[in-house]
Structures are given as structure tokens and as C-alpha cells.
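The values are calculated or read from the model by the stated rules, or taken from the named source; none is laboratory data. Nothing here was measured: the structure is a model prediction, and the numbers come from that model. Cβ placement follows ideal geometry from the backbone for every residue including glycine, while neighbour counts extend to all protein chains displayed.
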Amino acid sequence: MSDDLYAVVGNPVSHSKSPRIHSLFAAQTGEPVEYTAIQAPLDGFAETVTGFFERGGRGLNVTVPFKEQAWAMSDRRTWRAEKAGASNTLFIDKDGQLNADNTDGAGLVADLVKNHGVTLAGKRILILGAGGAVRGVLGPLLAEQPETLVIANRTPAKARVLAGLFADDAGDTQLRGCGFDEPAEVFDLIINGTSASLQGELPPLAPAVIGPATLVYDMMYSPDTTTFNRWALSNGAKAAMDGLGMLIEQAAEAFAIWRGVRPDTAPVIEALRDRVG
Ligand code: ATR
């Protein structure tokens, strides 16, 4: 019997670490999984997905720039995918329907809570950015019931719209959107979800948001400390984490959905850290 077929679809996709991560999961769990990368034409995502499942493919991960299209073409969505407005995990269910999930937020929370031992409940959290990356993680972050969740963005109106979109999910959490110039109090955790680091730029935050116990998390990762994390550490943050663990945890969550088996992420994080580091 040949292995069950999975893939990540993106454009570009050759840089994706998902094939490496999922083959390590498959080797570790003994699951018969073959995982490849597929570059879909920018105007041909839906056809690529349909063709993959018609050929017997079992599950897809979806990356830039197709996550919103994956969401739009799905027949059924989990709550967290519905709220995210985007999907990174697709599969066909027993009724033959295309299911969309989003494991990015669960990946972030798992990396923070499980791998780094960070408690989110009752904490004051500042998240920077109001694009797809931030929208994708707000549901699972709110489910941890922080005391405060402030969304700050270069375009403040977009942060306020996002806060409004998640108002019903906030429970007792104080949730609000604003510009970068507004937060002036110290936060327990600051998460950078902007794409500013890609351009080597920094969100113009007041250093007053950082105290001696503040932790920072950059959803990007790189072999060197990211621009944002360097800024935070030089302004007195206690510790800085990057998004490699989130990447591996979101993959583990997808693997568990598809296979019903949860891989141990620690050795995979270590293996990839050695590579990027
Ligand atoms: P992603 O899917 O990575 O979230 P996106 O939806 O294009 O991509 O969102 C990018 C986010 O990074 C936005 O919050 C954007 O701010 P605006 O909403 O004001 O555009 C933010 N961003 C991009 N470049 C930035 C920069 N140089 N400084 C600060 N924020 C930046």
C-alpha cells in the first residue's frame, strides 16, 4: 500500500518548512504519510485543491496567498476557521464535504503555554497588527481568557474593526483596537503579528509598554533575533521568543486532525532550530 498523500499549497512554496516538519512527524509516529509542496498558479488555487483531492489526496495545508480562498471554497468550517476568515488546513470529511480548519491560533497558544510555560489567563496582552496573521490567532488567544487584549495597528481603524469582530468572543477580557501611539501601560506579553520585520522595520511603540517582566513573541522567525525582539530586549524585556515553535505546533495540530495521532513537537523544534540557527 502506498502512503497517504498530503501537501502544502502556496505561491511561492519552495521555501516552506512544512514538508520537512510533516516527514519528521510521520517518521516519529510511524504514520504512512507522504507530504509534498505544490505551487498553485495565482489564478488556479481552487482547481489545484479539487484536483489534489480527486487524485486521492487526504489533506492540505494552505499558505500565502491562498488562506482566504481556502476558507471561501470550503463547505464546512470549524469555529476557529470561521472567525479567522482564513484556513490553513483542509480535508474531505466522511460525507465528502471540504472542511476548513485554522490551526495557527492553536499553534501560537500551544507554543506559548506548553513550550514556553507562559500563562495567558488573567494577563495583559498587546498584539501588534490587524492583518490576516493576527485575525487568525485572536479566537484561540481570547479563549485563554486574558484580562486585557489590546490590538494595535498602523491603521487604527483596522484594529478597531477586528476588535469589533471578536467582541462576542471576548468574555470577561477587555478587548480594544487602537493605533501604535496609544498603548502607554506595561503589558505582560507583547505579540508582534505585523509584517514590519520582513522589511526590517519596527512598529513605533512607546518603550513604556515594556517592563522588567514583559515577555515578547514575534510571530516571524529567523536565524538571528528578529528586529522586533532586539528592540524589545534592548528596552528591558525579560525574554523574547520567535515563531518557529508556532509553525511546528500549527503543523502538529493539522497532523492530529488528519491522522488522529499527536506528534511530539519538542524534537522537531530542536531539529529545525539547528537548521535555521
Ligand atoms: P498578514 O497576513 O501577514 O497579516 P496582511 O494582512 O497584509 O498580512 O497584514 C500586514 C500587517 O502588518 C498589517 O497589520 C499592517 O498594517 P496596516 O494594516 O496598517 O497595513 C502591518 N504592517 C505592514 N508593514 C508594516 C510596517 N512597516 N510597520 C508597521 N506595521 C506594518
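For this structure, a couple of remarks:
- Checking each residue in the stretch 8-23 for being under 18 Å from ARG262 (Cα atoms) and either among the small types (Gly, Ala, Ser) or surrounded by 21 or more Cβ atoms within 10 Å (Cβ to Cβ) (or both) picks out SER18, ILE21, HIS22, SER23.
- Selection within the stretch 29-44 - more than 10 Å from LEU5 (Cβ to Cβ) and surrounded by 14 or more Cβ atoms within 10 Å (Cβ to Cβ): THR29, GLU31, ALA37, ILE38, GLN39, ALA40
- Among the residues of the stretch 238-245, some residue qualifies, meaning at least one is farther than 30 Å from ASP93 by Cβ, over 15 Å from the mean Cα position of the chain (by Cα), touching a residue at least 24 places away in the same chain (Cβ under 8 Å) and outside any strand (DSSP E or B).
- Test result for GLY136, under 17 Å from MET246 (Cα atoms) and part of a loop (DSSP other than H, G, I, E, B): no
- Count of the stretch 194-208 residues which are crowded, with 21+ Cβ neighbours inside 10 Å and touching a strand residue (DSSP E or B) at 6+ places or on another chain (Cβ under 6 Å): 1
- Leading residue by the ranking (nearest to SER195 (Cα to Cα)) among those in the stretch 142-153 that are surrounded by 24 or more Cβ atoms within 10 Å (Cβ to Cβ) and within 15 Å of the ligand (Cβ to nearest atom): ASN153
- Number of the exception - LEU120 against (1) in a loop (DSSP other than H, G, I, E, B); (2) out of contact with any Pro (no Cβ under 7 Å at 6 or more places or on another chain): (2)
- Among the residues making up the stretch 85-140, a single one is of a type in the set (Lys, Arg) and either within 11 Å of the ligand (Cβ to nearest atom) or buried (at least 21 other Cβ atoms within 10 Å of the Cβ) (or both): ARG135.
- Every condition in (1) touching a Pro at 6+ places or on another chain (Cβ under 9 Å); (2) more than 8 Å from the ligand (Cβ to nearest atom); (3) not aromatic (Phe, Trp, Tyr) holds for ASP168 except the one numbered (1).
- The set of residues in the stretch 63-73 being out of contact with any Ser or Thr (no Cβ under 6 Å at 6 or more places or on another chain) and either closer than 20 Å to ASP4 by Cβ or away from the ligand (no atom under 11 Å from the Cβ) (or both) consists of PHE66, GLN69, ALA72, MET73.
- The criterion of at least 3 residues that are within 27 Å of LEU142 (Cβ to Cβ) is met, among helices (runs of 4 or more DSSP H) falling completely within the stretch 1-103, by 67-73, 79-84.
- When the test is whether a residue is within 15 Å of the chain's Cα centre (by Cα), assigned by TED's automatic domain parsing to the domain that holds ALA133 and in contact (Cβ under 8 Å) with a residue 24 or more places away in the chain, VAL113 passes it.
Yes/no matrix, rows are residues, columns are (1) aliphatic (A, V, I, L, M); (2) touching a residue at least 60 places away in the same chain (Cβ under 8 Å); (3) outside the structural domain of MET220 (by TED's automatic domain parsing):
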residue: PHE45; (1), (2), (3): no, no, yes
residue: GLY57; (1), (2), (3): no, no, yes
residue: PHE66; (1), (2), (3): no, no, yes
residue: TRP71; (1), (2), (3): no, no, yes
residue: LEU90; (1), (2), (3): yes, no, yes
residue: ASP95; (1), (2), (3): no, no, yes
residue: LEU98; (1), (2), (3): yes, no, yes
residue: LEU120; (1), (2), (3): yes, yes, no
residue: ARG124; (1), (2), (3): no, yes, no
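- Residues satisfying the stated conditions in the stretch 181-224, i.e. under 23 Å from LEU120 (Cα atoms), part of a loop (DSSP other than H, G, I, E, B), more than 15 Å from the ligand (Cβ to nearest atom) and not small (Gly, Ala, Ser): GLU185, VAL186, PHE187, ASP188, ILE210, PRO212, THR214
- Selection within the stretch 52-74 - crowded, with 21+ Cβ neighbours inside 10 Å and β-branched (Val, Ile, Thr): VAL62
- Test: residue in the stretch 83-97 that is over 21 Å from ASN11 (Cα atoms), small (Gly, Ala, Ser) and in contact with a Pro (Cβ under 9 Å, 6 or more places away or on another chain): no
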